[in-house]
2 protein chains.
Amino acid sequence: MPVTIAEVARRAGVSKSTISRYLNGMYEHMGADTQERIAQVIAELDYRPNTLARGLKQKRTHTIGAIVANILNPFSTSIIRGIEDTLQEAGFNLILCNADDDPAKERDYVNMLVDKQIDGLIINTTGCNNPLIAQVNQQTPVVLIDRKAPEINIDTVTVDSACGVRQAIDHMVSVGHRRIAMVTLPYDHISPRLERVQAYQAALAGHRLPFREEWLIRTGGDETEVAAKLQALVGAGSHENSPTAIFCANNLITMSVVRALKKMRVAIPDKVSVLGFDDWDWAELIEPPITVVAQPVYAMGNKAAMMLIKRLKAPRMPKKPAIVMFQPELLKRKSCGEQEAE
Amino acid sequence: MPVTIAEVARRAGVSKSTISRYLNGMYEHMGADTQERIAQVIAELDYRPNTLARGLKQKRTHTIGAIVANILNPFSTSIIRGIEDTLQEAGFNLILCNADDDPAKERDYVNMLVDKQIDGLIINTTGCNNPLIAQVNQQTPVVLIDRKAPEINIDTVTVDSACGVRQAIDHMVSVGHRRIAMVTLPYDHISPRLERVQAYQAALAGHRLPFREEWLIRTGGDETEVAAKLQALVGAGSHENSPTAIFCANNLITMSVVRALKKMRVAIPDKVSVLGFDDWDWAELIEPPITVVAQPVYAMGNKAAMMLIKRLKAPRMPKKPAIVMFQPELLKRKSCGEQEAE
DNA sequence: ATGAAAGCGCTAACAA
DNA sequence: TTGTTAGCGCTTTCAT
C-alpha cells in the first residue's frame with residue numbers, strides 16, 4: 001500500500017494543499033519550517049506522488065511519446081538517442097514505441113499514447129495514419145521526423161534527400177559509372193523514399209544518362225527476393241544491359257544488397273559498385289567498407305525533441321508549422337571503386 | 001475537450017455504471033438493445049476511456065515497462081522485439097526505456113515506470129539498483145533478462161554463458177590456437193560478464209592452457225582504448241607472449257576489436273583470430289565473417305514476457321522465482337582460421 | 001501562510 | 001438488468 005499525500009500531510013501536521021504546493025514548487029508563501037518538515041516526512045516515508053492522479057487532475061503528464069518505424073534499424077535507435085538526451089535534459093519522460101512499419105500497430109500506439117495523455121508526440125510515420133495524426137495534433141503537439149506529410153500541417157524535421165542523392169550519383173559518375181541502378185523499398189506513403197527515387201531520376205538526367213525502368217528495383221526487402229532481382233540484373237555477367245553500380249535507398253536495403261551480392265559471389269566493387277543512403281556504425285567494417293550518404297540522425301532526434309519542447313513551453317505559438325531540413329554528407333569509402341578512379 | 005463517460009451515458013440514456021460495465025466486457029446481464037445503443041454512441045462520439053482515471057481507480061494499467069541496457073546494441077533491440085510481440089498478443093501495452101548502461105538513468109526509469117503504475121517490469125539491469133528492484137518486485141512482478149541478480153529472488157531469463165564460452169574456447173583450440181586472449185567490458189555488477197570470464201579461465205584450464213592475467217583485457221569499450229590495448233598485445237608481431245586468438249565477451253566488444261584490428265592492419269584470422277559472444281544481423285557481412293556464439297535473443301524476450309504475464313494472470317503464485325536458461329550456439333564462420341584447420 | 005472542499009473520469013459495492 | 005454512491009490521489013479555487 002503506497003503512501004499517499006494524505007498520509008504525508010497527517011505526519012507533517014499540515015493539509016494536503018500545503019503538501020501539494022510543496023510538491024509543485026510553490027514555496028513563495030510557505031514557512032521555511034513547514035518546508036523543512038515536509039521535506040523530512042517525504043524522505044522518511046519515501047513518498048512518491050501518484051502520477052496518474054496528478055495527470056488526471058492537471059491534464060498534463062510531462063511525458064512525450066515517440067514512435068519509430070523499425071527499432072531493428074540503427075537509423076531508428078540513433079534518432080531515439082537524440083530524442084532521449086534532449087528530453088531528459090528538459091525533464092520530460094519518454095515512452096518509446098516501435099510501429100514495426102505496420103500502419104495498424106502505429107495506429108494502436110498513437111491511440112495508446114493519446115490515452116496515456118502524453119504532452120507531445122514524435123513520430124517517424126508509416127504515412128498511413130495521417131488523418132489520425134492530424135487530429136492528435138489539434139490537442140497535442142506532434143513533430144514528424146524523417147518522413148514528411150505534406151497534406152497535414154505539422155512541425156517536421158527531415159533530411160535533404162534530393163541533395164544526398166545528387167551527391168551519391170555525382171560520386172558514382174565521377175568514379176566512372178554510367179549504368180547506375182537503384183534499389184528501394186516501396187515508397188507509396190513514405191516521402192523520403194519517393195524523393196530519393198525522383199532525385200535519382202533527376203540526377204541521371206543531369207548527367208544525360210537514361211533512366212531505365214528495369215533498373216529501378218522496388219522490393220519488400222526480403223533477402224531472397226532481393227537476391228532474385230539482383231540475379232536477374234547482374235547475375236549474367238557484365239554487358240550493356242547490366243548496371244555497374246547500385247544505389248541503395250536506405251541502410252536496410254544496403255545490407256540486403258550487400259548480403260545478396262556476397263552470396264552470389266559478385267565482387268564489390270570490381271563487378272558491381274554499391275552506394276547506400278544512410279550510414280551506420282559498422283558500415284566501414286564490411287568488406288569493402290561501404291560508401292554512403294550519411295544523415296545526422298542523432299542531431300535530427302535532438303532537433304525534433306527541441307521543437308516539441310518549444311511548442312509545449314509556448315502553448316499558444318502560431319500554428320505555422322516549422323520544417324527543418326538537415327544536410328546529408330557523402331562518406332567516401334571503398335565500395336564504388338574509389339581506389340581506381342581517384 | 002475530450003468526451004467522457006458521463007457524456008456517453010447521457011446520450012445513451014443510461015448510467016455511467018452501465019457504460020463502464022460495457023467497456024469492461026461485463027455484458028452478462030445487459031440488454032442486447034442497451035449494448036447496441038452504447039456501441040453506437042461510442043462510435044459516434046469516438047469515445048476513448050481515460051486510462052489515467054481508470055488506472056487510478058483500478059490500480060492496474062495493463063502496461064508493462066521494459067528497460068534495456070543499451071538501445072544501440074542489436075542485442076537489446078532483438079530482445080525488445082521478442083518482448084513486444086508477446087505482450088501485444090496478450091493485449092498489454094509496452095513502455096520502452098533505455099538506461100544507456102547508466103545506473104542513475106536506470107533508477108530514474110524504474111521510478112518513472114512505478115509511478116506510472118506499470119503492472120510489470122522487464123529489465124536488463126546494470127546491477128547497481130538491486131535494492132530498488134527488489135523493492136519494486138514486492139508490489140509488481142519483475143523479470144530480469146540476460147543479467148541475473150543472485151542476491152534477490154526474481155524471475156530471470158538468461159543464457160548459459162559457461163556453456164557458450166566452453167564451445168568458443170573448444171572451437172579455437174580445435175582450430176589450433178593455444179594462446180587465447182579475452183576482451184571484456186568491466187564486469188563488476190554484471191553477471192554474464194563475470195560468468196564469461198570465469199568460464200574462459202575454466203575452459204583454458206580444461207585444455208591445460210595457462211591463464212595469463214595480461215591476456216584478460218578489461219576495457220570501457222572506447223575504441224581508442226581498445227586499440228591501444230590491442231596494440232600492446234598483438235602489435236609487435238607474433239611471438240610467444242602474443243595471443244593468436246581473441247575471444248570477445250559481447251558484440252559491442254567484438255565490433256571494437258575488429259575495428260581496431262583493421263585500423264592496425266592486423267589480418268584476421270591470419271595474424272589474429274577473433275571469436276565473439278553474441279551474434280547480430282550483419283556479423284557475416286564483415287570481412288572475414290565473424291565466428292560467434294549466438295544467443296536466442298528474440299526467444300529470450302518472448303520468454304521474459306510470458307513469464308511476466310503468467311505472474312500477472314496468477315497474482316498469488318508461489319514467490320519461488322523461476323530461472324530460465326537458454327542455450328547458446330556456436331556459429332562457425334571465417335574469423336578463426338576455420339578454412340585451414342577443418 | 002495555510003486549510004476546506006470540490007472535482008478530474010472512472011470503477012465497484014451495494015441497492016433496487 | 002440497471003442506477004446510486006462513494007471514492008482512487010491529487011490539484012485548485014476560494015476562504016481565512
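Pick from B:LEU94, B:LEU87: which is under 30 Å from B:GLY301 (Cα atoms) and at the interface with another protein chain (Cβ under 10 Å from one of its Cβ atoms)?
Details: B:LEU87 fails: at the interface with another protein chain (Cβ under 10 Å from one of its Cβ atoms).
One residue alone meets the criteria, B:LEU94.
Among the residues of the range B:107-114, is any within 13 Å of DNA strand D (Cβ to nearest atom) and not assigned by TED's automatic domain parsing to the domain that holds B:GLY221?
The answer is yes; a qualifying residue exists.
Can you confirm whether A:ASP101 is under 18 Å from the mean Cα position of the chain (by Cα), assigned to a loop (DSSP other than H, G, I, E, B), surrounded by fewer than 21 Cβ atoms within 10 Å (Cβ to Cβ) and touching a residue at least 12 places away in the same chain (Cβ under 8 Å)? Spell out how you get there, then give the answer.
Numbers: under 18 Å from the mean Cα position of the chain (by Cα): yes; assigned to a loop (DSSP other than H, G, I, E, B): yes; surrounded by fewer than 21 Cβ atoms within 10 Å (Cβ to Cβ): yes; touching a residue at least 12 places away in the same chain (Cβ under 8 Å): yes.
Spelling it out, A:ASP101 is indeed under 18 Å from the mean Cα position of the chain (by Cα), assigned to a loop (DSSP other than H, G, I, E, B), surrounded by fewer than 21 Cβ atoms within 10 Å (Cβ to Cβ) and touching a residue at least 12 places away in the same chain (Cβ under 8 Å).
Every residue, every condition in (1) in contact with a helix residue (DSSP H, G or I) (Cβ under 8 Å, 6 or more places away or on another chain); (2) within 14 Å of another protein chain (Cβ to nearest Cβ); (3) without any contact (Cβ under 8 Å) to a residue 60 or more places away in the chain; (4) not in a strand (DSSP E or B), yes or no:
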position: B:GLU240; (1), (2), (3), (4): no, no, no, yes
position: B:THR254; (1), (2), (3), (4): no, yes, yes, yes
position: B:ALA260; (1), (2), (3), (4): yes, yes, yes, yes
position: B:LEU275; (1), (2), (3), (4): yes, no, no, no
position: B:TRP282; (1), (2), (3), (4): yes, yes, yes, yes
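Which residues, counting only those in the range B:107-141, are touching a Leu at 6+ places or on another chain (Cβ under 9 Å), away from every other protein chain (no Cβ under 14 Å) and touching a residue at least 40 places away in the same chain (Cβ under 8 Å)?
Hits for the range B:107-141 are B:GLY120, B:LEU121, B:ILE123, B:ASN124, B:THR125, B:PRO141.
Just wondering, is there one or more residues in the range B:30-43 that are assigned to a loop (DSSP other than H, G, I, E, B), surrounded by fewer than 13 Cβ atoms within 10 Å (Cβ to Cβ) and more than 14 Å from chain A (Cβ to nearest Cβ)? It would help to see each step written out before you state the result.
To start, the set of residues in the range B:30-43 that are assigned to a loop (DSSP other than H, G, I, E, B) comprises B:30-31.
Next cut, surrounded by fewer than 13 Cβ atoms within 10 Å (Cβ to Cβ) only: B:31.
Adding the requirement that they be more than 14 Å from chain A (Cβ to nearest Cβ) leaves B:31.
Yes: one or more hits.
Go through the range B:284-308 residue by residue and tally those that are at pLDDT below 95 and outside any loop (DSSP other than H, G, I, E, B).
1
Residues checked against (1) in contact with a Phe, Trp or Tyr (Cβ under 6 Å, 6 or more places away or on another chain); (2) outside the structural domain of B:ASN251 (by TED's automatic domain parsing); (3) within 16 Å of B:VAL143 (Cα to Cα); (4) at pLDDT 95 or above:
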{"residue": "B:ASN24", "(1), (2), (3), (4)": "no, yes, no, no"}
{"residue": "B:GLU28", "(1), (2), (3), (4)": "no, yes, no, no"}
{"residue": "B:GLY65", "(1), (2), (3), (4)": "no, yes, yes, yes"}
{"residue": "B:PHE75", "(1), (2), (3), (4)": "no, yes, no, yes"}
{"residue": "B:GLU84", "(1), (2), (3), (4)": "no, yes, yes, yes"}
{"residue": "B:LEU94", "(1), (2), (3), (4)": "no, yes, yes, no"}
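Scan the range B:1-19 and report the pairs whose first residue is closer than 18 Å to A:ASP115 by Cα and within 14 Å of another protein chain (Cβ to nearest Cβ) and whose second residue is near DNA strand D (Cβ under 7 Å from one of its atoms) and not small (Gly, Ala, Ser), with Cβ atoms within less than 6 Å and a gap of 6+ or a chain change.
Qualifying pairs under 6 Å: B:ILE5/B:LYS16.
Just for the range B:12-29: of the residues that are within 12 Å of DNA strand D (Cβ to nearest atom) and in a helix (DSSP H, G or I), which one is surrounded by the fewest Cβ atoms within 10 Å (Cβ to Cβ)?
B:SER17
Can you tell me which condition B:ILE64 does not meet? The list is (1) over 17 Å from the mean Cα position of the chain (by Cα); (2) assigned to a strand (DSSP E or B), and all the others hold.
The one condition B:ILE64 does not meet is (1).
Among residues belonging to the range A:44-53 that are part of a helix (DSSP H, G or I) and not acidic (Asp, Glu), point out the one that is farthest from DNA strand C (Cβ to nearest atom). Walk me through how you get there before you give the answer.
Pass one, the range A:44-53, residues part of a helix (DSSP H, G or I): A:44-45, A:51-53.
After this cut, where a residue has to be not acidic (Asp, Glu) as well, the list is A:45, A:51-53.
Details: A:LEU45: 17, A:THR51: 12, A:LEU52: 9, A:ALA53: 6 Å.
The selected residue is A:LEU45.
Regarding the range B:67-84, can at least one residue be identified that is aliphatic (A, V, I, L, M) and more than 16 Å from the chain's Cα centre (by Cα)?
Filtering the range B:67-84 for residues aliphatic (A, V, I, L, M) gives B:67-69, B:71-72, B:79-80, B:83.
Those left that are additionally more than 16 Å from the chain's Cα centre (by Cα): none.
No, because not a single residue in the range B:67-84 is aliphatic (A, V, I, L, M) and more than 16 Å from the chain's Cα centre (by Cα).
Which of (1) of a type outside the set (Lys, Arg); (2) surrounded by fewer than 24 Cβ atoms within 10 Å (Cβ to Cβ); (3) within 14 Å of chain A (Cβ to nearest Cβ) does B:ASN302 not meet, given it meets every other one?
So B:ASN302 meets the others, but not (3).
Could you list, ordered by first residue, the pairs with Cβ atoms under 8 Å in which the first is in the range A:190-209 and not assigned by TED's automatic domain parsing to the domain that holds A:ILE180 and the second is of a type in the set (Lys, Arg), at least 6 apart or interchain?
Sorted first by the residue in the range A:190-209, then by its partner, the list stays empty.
Residues to consider are A:ILE268, A:ILE309; find the one that is among the β-branched types (Val, Ile, Thr) and not assigned by TED's automatic domain parsing to the domain that holds A:MET182. Give the steps one after another, and end with the answer.
Details: A:ILE268 fails: not assigned by TED's automatic domain parsing to the domain that holds A:MET182.
Every option except A:ILE309 fails the conditions.
If you check B:PRO288 against the conditions, is it closer than 27 Å to B:ILE79 by Cα and within 14 Å of another protein chain (Cβ to nearest Cβ)? Don't jump to the end; show me each part of the working.
Values: closer than 27 Å to B:ILE79 by Cα: yes; within 14 Å of another protein chain (Cβ to nearest Cβ): yes.
Yes; evaluated as a whole, the condition is true for this residue.
Can you name the residue in the range B:1-29 that is within 8 Å of DNA strand C (Cβ to nearest atom) and among the charged types (D, E, K, R) and is also nearest to the chain's Cα centre (by Cα) among such residues?
B:ARG21
Which of the residues belonging to the range A:67-83 are in a helix (DSSP H, G or I) and within 9 Å of chain B (Cβ to nearest Cβ)?
Here is the first cut: in the range A:67-83, the residues in a helix (DSSP H, G or I) are A:74-83.
If the condition is that a residue be in a helix (DSSP H, G or I) and within 9 Å of chain B (Cβ to nearest Cβ), then A:PRO74, A:SER76, A:THR77, A:SER78, A:ILE80, A:ARG81 are the ones that fit.
For A:LEU56, are the conditions met, namely being touching a helix residue (DSSP H, G or I) at 6+ places or on another chain (Cβ under 7 Å) and more than 9 Å from DNA strand C (Cβ to nearest atom)? Spell out how you get there, then give the answer.
Values: touching a helix residue (DSSP H, G or I) at 6+ places or on another chain (Cβ under 7 Å): yes; more than 9 Å from DNA strand C (Cβ to nearest atom): no.
No, not satisfied.
Among the numbered criteria (1) at pLDDT below 95; (2) basic (Lys, Arg); (3) closer than 26 Å to A:GLY301 by Cα, which single criterion is violated by A:LYS229?
(3)
The values are calculated or read from the model by the stated rules, or taken from the named source; none is laboratory data. As the structure is a computational prediction, the values presented were derived from the model and not from experiment. Counting neighbours? That spans all protein chains shown, and the Cβs are built from the backbone with ideal geometry, glycine included.
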